[in-house]
Each structure stands twice: as C-alpha cells, then as structure tokens.
Amino acid sequence: AVGRAWAGACGVPEATAAGAARAVEAGDPRAAAVWLDAVDALSEGLVTAITLLDPRVLIVGGGLAEAGETLLAPLREAVRAKVTFQHVPTIVPAALGDAAGCLGAGLLAWDLLSAEVVSR
C-alpha cells in the first residue's frame, strides 16, 4: 500500500515503499506525507493490539521495518500519542528482518516432518 501511494504521489508507476523510505530520508515532502499516512494507519492497529494484549514489547518486522528508525521513530511517537490508559510497550525491529516469515515457514515444515517420522 505504501508503494502504491508513493507511486501515485511521485508519478512513477514502479515506485516502491523502499523508495518512499529513501525519499523520506532525503526530505521529500510528498514522501513524508505518504509515510505519515502509513505510520498513522500502523499505529492505529498497534494501539488496538496494545489495548487487547498489553504487550511489554512490540516487534515490528516485514518490508517496512527494513527502513529502521525512519519507520520506528515516528511510529513510537504516534503510538505514544494515541494510547490513553495503556502501558506503552517498547517497539523494536525484528532481528530476522524480512526473512522471518520464510524462516518460520521452514521451521514449521521441519517440525511437521519430524512429527510424522516420530509417529511412524
């Protein structure tokens, strides 16, 4: 969604979220507006999760998290601004980055295969 919004804002159909992050870092106001919308949407979802689950730490992964502090600094601030009675958790990047999903799927497959071999 960020890539599509950035493509529309900058007029380059093949623009990506990573390109938006680089443009934010370079000070492009169009990219900053797109980024702010993304951070706002993400923070809304996280505040809902915080309200329901009361986590002490939120681990942010996926493609956008590859932007590092370009994403995390405004996200932390947006979450802080939106919480009312909730404890504000620590927000950190996923240690495995964008590869976490693939690694998790591989480990799940490994576990399923191991369980099948043991049950025979």
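When the accessible area of the chain is split by element with a 1.4 Å probe, what percent falls to carbon and sulfur?
On the way: 4820 of 7470 Å².
Result for the chain: 64 percent of the exposed heavy-atom area is carbon or sulfur.
Under a 5 Å amide H to amide H cut-off, with H placed in plane at 1.01 Å, what residues pair with G61 once short-range neighbours are removed?
For G61, the qualifying residues are A94.
Please compute the modelled spin-label separation between E77 and A95, points set 7 Å along Cα→Cβ, answer in nm with one decimal.
It works out to 3.0 nm between the two label points.
How high is the relative contact order of the range 19-120? Use alpha-carbon pairs under 8 Å, at least six apart in sequence, and give a whole percent. Please list the in-between numbers first.
Working: 88 pairs, mean separation 29.4, N = 102.
Averaging sequence separation for qualifying contacts and normalising by length gives 29 percent for the range 19-120.
What does the charge dipole of the range 11-120 about its Cα centre add up to, to the nearest 20 debye, if the Cβ of each Lys and Arg holds +1 and the Cβ of each Asp and Glu holds -1?
Numbers: 7 positive and 13 negative charges, 52 e Å.
Charge dipole, the range 11-120, about its Cα centre: 240 debye, nearest 20.
List, in order, the whole-Hz ³J(HN,Hα) value for each residue of the range 84-93 obtained from phi through the Karplus relation with A = 6.51, B = -1.76, C = 1.60 and θ = phi - 60°; use x for Gly and Pro.
Values per residue, Gly and Pro as x: 10, 9, 6, 6, 7, x, 6, 10, 10, x Hz.
Beyond 15 Å, what percent of the Cα pairs of the range 1-71 remain?
54 percent
What residues qualify as long-range amide H neighbours of I91, i.e. H under 5 Å apart, gap of 5 or more or another chain, H built at 1.01 Å from N?
L58
Using the basic label-point model (7 angstrom from Cα toward the beta carbon), what is the L108 to E66 distance in nanometres?
It works out to 2.2 nm between the two label points.
List, largest first, the extents of the alpha carbons of the chain along their principal axes, each in whole Å.
61, 41, 19
Measuring from the lowest to the highest alpha carbon on each principal axis, how far does the range 66-120 reach, largest first, in angstroms?
That gives 55, 28, 11 Å along the principal axes, largest extent first.
Enter the accessible area per residue of the range 1-83 (Å², integer; probe 1.4 Å; all protein chains in place). Walk me through the intermediate numbers first.
Working: 4530 Å² over 83 residues.
For the range 1-83, the per-residue accessible area is 55 Å².
The values are calculated or read from the model by the stated rules, or taken from the named source; none is laboratory data. Since the model is a prediction, treat every value here as computed from it, not as a measurement. No Cβ is skipped: glycine too gets one built from the backbone with ideal geometry, and neighbour counts run over all protein chains shown. In case anyone asks, the SASA skips ligands and DNA or RNA and just uses the protein heavy atoms, side chains included. Shrake-Rupley method; radii C 1.70, N 1.55, O 1.52, S 1.80 Å.
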